[in-house]
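*Asks:* Would you mind keeping the following structure in view while I ask a few things?
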Amino acid sequence: MKKFEQSDAIKRLPDQFFAKLGKKVQALVNEGHDIINLGQGNPDLPTSDHIVKALQIAAENPANHKYSPFQGFPYFREAVADFYKREYGVDLDPENEVALMFGSKIGLFEVSQSMLNPGDTALVPNPGYPDYLSGVALANANYELMPLLEENGFLPDYNDIPEDVLNKAKMMFLNYPNNPTSAVATKEFFDETVELAKQHDFCVVHDFAYGAIGFDGVKQPSFLSSEGAKDIGIEMYTLSKTYNMAGWRVAFAVGNPSIIKTINLLQDHLFTSLFGAIQEAATVAISGDLSYVDDLVDIYESRRNVLVESLNKIGWKVNAPKGTFFAWFKVPDPYTSKEFAELLLKKAHVVVADGSGFGSLGEGYVRFGLLDSEERLKEAAERIGKLKLFS
């Protein structure tokens with residue numbers, strides 16, 4: 001059978017880290033092992049009943065069985081603008097400053113496709129979400145890595161980025177609360193970012209996937225709450241994490257009108273908009289009383305406390321994460337990140353993400369997901385403890 005050659009764009013793509021991890025895990029599950037999977041960012045709790053019921057009702061409406069308007073229904077874009085005003089004090093024009101998306105994963109690809117030319121340069125965090133690099137690769141653009149170091153609170157130190165790199169940059173990706181490091185950022189850091197972007201004439205894409213998930217009373221500010229942020233950037237917000245709606249594939253980008261217009265133009269050629277019933281349900285999700293989101297954050301904070309306490313109890317001295325539903329822990333000597341993750345998978349049947357899969361500066365760490373019950377998190381720590389790695 002003839003084997004057809006892939007396009008150059010496909011050949012440029014990096015390995016899909018999570019797809020490879022998923023295959024390893026599934027192989028052990030198929031062998032009948034009890035696997036505690038803390039390696040991927042897939043929320044384990046169901047979508048709230050009131051959102052599901054809104055979908056059920058909306059799905060019965062024949063108007064939603066037709067194609068949705070290309071750029072989504074005005075009521076959803078208006079709900080997004082109301083949400084940002086209420087939660088972050090940010091004014092948005094729902095007509096020109098909101099783009100609906102099939103999840104922010106595809107949105108991160110789209111912004112690279114629609115804004116970067118071959119040979120352009122994007123600034124990408126190291127460690128960082130792997131799909132930033134995938135979108136840049138598909139655009140045939142270049143990238144420069146921004147180190148996220150623990151001594152800097154896993155924030156990039158802009159003084160360490162060479163001036164010539166800043167001058168040639170066309171785009172910067174940021175993500176706070178941060179995946180994988182679970183760090184949070186301050187408004188002062190975002191203010192500094194805005195000034196840097198204006199000075200060097202590049203756009204900022206802030207991935208706000210974990211926006212509501214902050215611990216110990218910390219609420220992560222929106223990037224757009226910094227003065228002038230809309231002049232130079234956008235923010236992407238997904239309902240996957242905060243609302244347990246990962247499978248629904250609904251998100252939005254907000255901010256600079258020219259970037260939003262370009263994303264919408266690309267999407268006009270790729271899709272019609274989200275299923276109308278999902279737009280109705282998503283509107284319900286982000287409107288009105290959001291105390292159920294606070295309840296979810298409390299669950300993750302309690303799980304965090306249990307995991308940190310349980311790991312410290314077995315001798316693995318770890319620090320509590322500040323945000324997201326991940327924890328970023330140093331691996332013990334003499335293991336590399338990959339060796340340690342493989343050991344936990346094979347000997348303890350506990351899945352964690354190898355830190356080097358997020359970039360070279362992820363080496364020396366593994367990422368845990370707070371995505372199982374407190375009992376299972378305790379059990380994971382007990383299984384790891386039985387390996388006697390910390391005594």
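*Asks:* Looking at the range 330-350 only, could you name the residues that are surrounded by fewer than 22 Cβ atoms within 10 Å (Cβ to Cβ), touching a residue at least 12 places away in the same chain (Cβ under 8 Å) and within 26 Å of E151 (Cβ to Cβ)?
*Replies:* Within the range 330-350, K330, P332, T336, K338 qualify.
*Asks:* Still on this model: Within the range 351-368, does at least one residue satisfy the condition of being open to solvent by 40 Å² or more (accessible area, probe 1.4 Å), closer than 16 Å to A381 by Cβ and at pLDDT 95 or above? Talk me through it step by step, then tell me what you get.
*Replies:* Keep residues of the range 351-368 that are open to solvent by 40 Å² or more (accessible area, probe 1.4 Å), which gives 356, 360-361, 363.
Checking which are closer than 16 Å to A381 by Cβ leaves us with none.
Looking for residues that are open to solvent by 40 Å² or more (accessible area, probe 1.4 Å), closer than 16 Å to A381 by Cβ and at pLDDT 95 or above, one finds none in the range 351-368, hence no.
*Asks:* Taking the range 89-111 as the search range and keeping residues that are assigned to a helix (DSSP H, G or I) and touching a Leu at 6+ places or on another chain (Cβ under 7 Å), which one is farthest from S273 (Cα to Cα)?
*Replies:* F109
*Asks:* Still on this structure: Just wondering, is there one or more residues in the range 216-224 that are more than 12 Å from F102 (Cα to Cα), β-branched (V, I, T), modelled with pLDDT under 95 and open to solvent by 10 Å² or more (accessible area, probe 1.4 Å)?
*Replies:* yes
*Asks:* Looking for something assigned to a loop (DSSP other than H, G, I, E, B) and surrounded by fewer than 23 Cβ atoms within 10 Å (Cβ to Cβ) - is there at least one such residue anywhere in the range 231-238?
*Replies:* Scanning the range 231-238, I find no residue that is assigned to a loop (DSSP other than H, G, I, E, B) and surrounded by fewer than 23 Cβ atoms within 10 Å (Cβ to Cβ), so the answer is no.
*Asks:* Something else: For the range 223-273, what are the residues that are in contact with a Ser or Thr (Cβ under 8 Å, 6 or more places away or on another chain) and among the hydroxyl-bearing types (S, T, Y)?
*Replies:* Of everything in the range 223-273, those that are in contact with a Ser or Thr (Cβ under 8 Å, 6 or more places away or on another chain) and among the hydroxyl-bearing types (S, T, Y) turn out to be S226, Y237, T238, S240, Y243, T262, T272, S273.
*Asks:* So, one more: Being basic (K, R), more than 25 Å from R367 (Cβ to Cβ), modelled with pLDDT of 95 or more and part of a strand (DSSP E or B): is that true of K198 here?
*Replies:* No; evaluated as a whole, the condition is false for this residue.
*Asks:* Name every residue in the range 44-66 that is among the polar types (S, T, N, Q) and either within 21 Å of I384 (Cα to Cα) or open to solvent by less than 70 Å² (accessible area, probe 1.4 Å) (or both), in order of residue number.
*Replies:* T47, S48, N61, N64 - these are the residues of the range 44-66 that are among the polar types (S, T, N, Q) and either within 21 Å of I384 (Cα to Cα) or open to solvent by less than 70 Å² (accessible area, probe 1.4 Å) (or both).
*Asks:* Assigned to a helix (DSSP H, G or I), out of contact with any His (no Cβ under 9 Å at 6 or more places or on another chain), in contact (Cβ under 8 Å) with a residue 24 or more places away in the chain and farther than 24 Å from A327 by Cα: is that true of A9 in this structure?
*Replies:* yes
*Asks:* From the residues in the range 1-43 that are within 20 Å of I384 (Cα to Cα), touching a helix residue (DSSP H, G or I) at 6+ places or on another chain (Cβ under 8 Å) and not hydrophobic (A, V, I, L, M, F, W, C), which one is least open to solvent (accessible area, probe 1.4 Å)?
*Replies:* Of everything passing the filter in the range 1-43, G39 is least open to solvent (accessible area, probe 1.4 Å).
*Asks:* Further question on the same structure: Return the total of residues in the range 104-129 being at negative phi and either of a type in the set (V, I, T) or open to solvent by 20 Å² or more (accessible area, probe 1.4 Å) (or both).
*Replies:* Qualifying residue count for the region: 13.
*Asks:* Applying the selection to the range 263-314, what residues are open to solvent by 30 Å² or more (accessible area, probe 1.4 Å) and assigned to a loop (DSSP other than H, G, I, E, B)?
*Replies:* Hits for the range 263-314 are F271, T272, F275, S287, G288, D289, I314.
The values are calculated or read from the model by the stated rules, or taken from the named source; none is laboratory data. This structure is a prediction, so every number in the text was calculated from the model and none was measured. For neighbour counting, all protein chains shown are included, and Cβ atoms are generated from backbone atoms with ideal geometry for every residue, glycine included. Areas reflect the complete protein model, heavy atoms only, side chains present, ligands, DNA and RNA absent. Shrake-Rupley method; radii C 1.70, N 1.55, O 1.52, S 1.80 Å.
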